[in-house]
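Below is one structure; the comments refer to it alone.
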Amino acid sequence: MAMVDQPLYPIAVLIDELKNEDIQLRLNSIRRLSTIARALGEERTRKELIPFLSENNDDDDEVLLATAEELGVFVPYVGGVEHASVLLPPLETLCTVEETCVRDKSVESLCRIGAQMREQDLVDHFIPLVKRLASGEWFTARVSSCGLFHIAYPSAPEALKTELRTIYGQLCQDDMPMVRRSAATNLGKFAATVEAAHLKTDIMSVFDDLTQDDQDSVRLLAVEGCAALGKLLEPQDCVAHILPVIVNFSQDKSWRVRYMVANQLYELCEAVGPDSTKTELVPAYVRLLRDNEAEVRIAAAGKVTKFSRILSPELAIQHILPCVKELSTDSSQHVRSALASVIMGMAPVLGKDATIEQLLPIFLSLLKDEFPDVRLNIISKLDQVNQVIGIDLLSQSLLPAIVELAEDRHWRVRLAIIEYIPLLASQLGVGFFDDKLGALCMQWLKDKVYSIRDAAANNVKRLAEEFGPEWAMQHIIPQVLDMINDPHYLYRMTILHAISLLAPVLGSEITSTNLLPLVVNAAKDRVPNIKFNVAKVLQSIIPIVEESVVESTIKPCLVELSEDPDVDVRFFASQALQSSDQVKMSS
C-alpha cells in the first residue's frame, strides 16, 4: 500500500503547503517545484502538477513571482520541447495579474519557453495566446502581450504576420496609457523581427503615432525606439524618418522627454550618421546644453566628450566649447559635477593648443568650485590632460590648485588628492616632486581625520616604491624620526603604521638599522594603545629582518611587553612571540 501511495506524496505535500497560511512555507514549496517534478516524472508533471498550478490562485505576489520564475525553466521537466506548450496556460494567467513585477517575470518566462518551441507549436499555441492577451478585457493582459510579439512573429505564416502587425498597431493606439507605454518599450524588439518592406510602412506609421502621443510617459519611451529603429533602417530612411523626430523631441514641451533625448543622444547620433549629426543634431544638442531644466543640462553635460568625439575639433570648439564655458559656472552644482566628470576627456579631442587656451581656464575654475564633488571629479581625471599638454604646463597651471586642494576643508577631497599623488609623482619625476609636494605628504600624516592619516601612510609606502629606498632614506626616514616623538598619541600610532608599511619596501638592512630602534623605543610609551601597536609592528617586521636581530632586539622587547599590566598589550605581545617561534621553525 505504501508503495502505491509513494508517487502521490509529493503532489499531496505541495497542495497542503500551497494552501498553508504561512507565506514562507508556500514560497518554499514553489522553489522546490523542480524537485517535485522530478519525483513525479514527466507525464504526471504534465497531467497533474501543471493543471494544479494553473488553478492555484494564490493572492500573494511573492508566491506568484516565484511561480513565474520557476515555470520559465520547466521545459525539461515536462518532457522537453515537444511538450513545452503545456506550460503556457499557467503563465497566461500570471500575465494578467495586477502586480507589474509578476507580469514582467511571466513575459520573460514565456519568451524563454517560446524561443525553444517548435515552429508548428508556436503557430498552434503561442500565437493564439498572444492574440488572446492582446484582446484581453483588462489592460494588464494587453500590457503583457506587447512583450511577446517578437517571439511569435518570425514563425507566423504570412496571413498571421499581417494580423500581428495590425494588432500591434492597435495596441499602440490603446485607450490606456500603460498599454501604449508597453508597446513603445517593446517596439524596437518587434521591429527587429519585421521584414524590411513592412518596416518602412507599418512599423514607421505605428512609431509616428507613438511620437505624437499626448502622454509624455509614452513619448519618452519612443525616444529609445528612435535609436533602435535607426539601426534597422537604411541611412537615407533614417535621416528622412528618425532625424525630424529627434529634433522635435529635443524641443518637446515635457522636460522628461528632453532629458531622454539628452541621455540617448550619442546612440541617436550613431543611428543617423556623422553628416546629419553635424548639420541637424549639433543645434539640437546646444539647445539641450542650454535647457532651462537642470536635469536636462545634467544629462547633456555628461555626454559632452562623447558628442565632441563625433565632431571635428573645429566644430567642437565653435559650438560645444561656448556651452561648456557656460556650464562650468552653472547655478546647479550637479550640472557642474556632471561636466567635471567628463570634461577632461575633451582634451584629446580638441588637441594641445585649444586645451591650453580654452579648457585649462575651465579646469581651474572647476578645481576651485565650492562644491567638493566637482573638485573631486576634476582631480581624478587629470592624467587625460597630462597626455595632451605635457607635465610642464600641467604643473605650472594646475599644481598651485592641487596644493590648495591638499588642504581642502572637505576630507574626501584631501583623500582624492592623496590617492592621486603617486600617479602625479611618477609623472612629475623626483626633483619636481621634492620641491612642491614632498612636504605635503608628511603633513597629511598629522591630519585630524583617521582616513587621511591611513591613506597618507599608504601614500608614503607607494612613494618609496616609486622612488626607491635611497630616496626614502633621504626624504622620509628623517621626518618619521621626528614625528615618532609627537605629543599626540594618535599621530605616534600613524607613524608606527607607516613604519610597518615601509619595512617590506626598504628591506632588511634599513629596517634593522633605522626603523627598528624607533619601534623598540616606542615600547616604553606610556599609552597602552601605542604599546600593543608596537607588538603588532614587531610581528610584521620579524619575517623581514635577520634571525639574529629577532633574537637580540625584537624578542627581548616582546617578552617585556608580554609582562605589561595592560591585558591588550600582553595579548598582542604573546601573539607576536608565537609568530616569531613559527617563523623560526619554518626557517
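The values are calculated or read from the model by the stated rules, or taken from the named source; none is laboratory data. Predicted, not measured: the structure shown is a model, and the values here were computed from it. Don't worry about glycine lacking a Cβ; one is built from the backbone with ideal geometry, like all the others, and counts go over all protein chains shown. We work out accessible area using only protein heavy atoms, side chains counted, and drop any ligands, DNA or RNA first. Shrake-Rupley method; radii C 1.70, N 1.55, O 1.52, S 1.80 Å.
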query = By how many nm would the segment from residue 35 to residue 104 lengthen if fully extended, with 0.36 nm per residue of separation less the alpha-carbon distance?
reply = 22.4 nm
inquiry  = Longer than 27 Å from Cα to Cα, which of 368/446; 47/189; 448/531; 325/448; 303/461 are they? Say none if no pair is.
reply    = 47/189; 325/448; 303/461
query = Counting Lys and Arg as +1 and Asp and Glu as -1, each charge on the Cβ, what is the dipole of the chain about the Cα centre in debye, to the nearest 20?
reply = 1020 debye
inquiry  = From the helices alone, meaning DSSP H stretches of at least four residues, give me the mean residue ellipticity at 222 nm for the chain, per-run term -39500 (n - 2.57), in deg cm²/dmol to the nearest 500.
reply    = -20000 deg cm²/dmol
query = Using heavy-atom solvent-accessible surface (probe 1.4 Å) with all chains present, what is the largest-first order of 143, 257, 86?
reply = 86, 143, 257
note = The simple spin-label model distance between residue 474 and residue 546, using points 7 Å out along Cα→Cβ, in nm, is 2.7 nm
inquiry  = Let's test this: bin the Cα-Cα distances of the range 485-586 at 10 Å from zero up to the farthest pair and state each bin's percent.
reply    = 17, 52, 29, 2, 0
inquiry  = To check my understanding: the extent here is largest minus smallest coordinate of the Cα atoms along each principal axis. What are those three numbers for the range 166-324, in Å, largest first?
reply    = 49, 31, 18
inquiry  = So the label point goes 7 Å from the Cα of residue 19 along Cα→C-beta, right? Which residues of the range 53-92 then have their backbone N under 18 Å from it?
reply    = 53-60
message = Can you compute the modelled spin-label distance between residue 574 and residue 163, with each label point 7 Å from Cα toward Cβ, in nm?
response = 8.4 nm
query = Which of the peptides 320-331, 410-421 is most tightly packed, and how do the rest follow, going by the mean number of other Cβ atoms within 10 Å of each residue?
reply = 410-421, 320-331
query = When averaged across all projection directions, what area in nm² does the alpha-carbon convex hull of the range 39-180 cover?
reply = 8.1 nm²
note = For the chain, the longest principal axis of the Cα atoms and the Cα long axis of helix 158-171 enclose an angle in degrees, to the nearest 10, of 70 degrees
ask   = With all protein chains present, how much of the accessible area of the chain (probe radius 1.4 Å) comes from carbon and sulfur, to the nearest whole percent?
value = 51 percent
key: Heavy-atom accessible area per residue - the chain, 1.4 Å, Å²   = 45 Å²
request  = Count the net charge of all other residues whose Cβ sits under 10 Å from the Cβ of residue 171, scoring Lys and Arg as +1 and Asp and Glu as -1.
outcome  = +1
ask   = Are there trypsin sites (Lys or Arg not before Pro) in the range 525-587 that DSSP marks as loop and that have at most 13 other Cβ atoms within 10 Å, and which are they?
value = 526
remark   = Distance in nm between residue 197 and residue 43 label points, each 7 Å along Cα→Cβ, equals 4.8 nm
query = Dividing the Cα radius of gyration by the Kirkwood radius, what Rg/Rh value follows for the chain?
reply = 1.14
Stretchable slack from residue 175 to residue 325, in nm (0.36 nm times residue separation minus alpha-carbon distance) = 49.4 nm
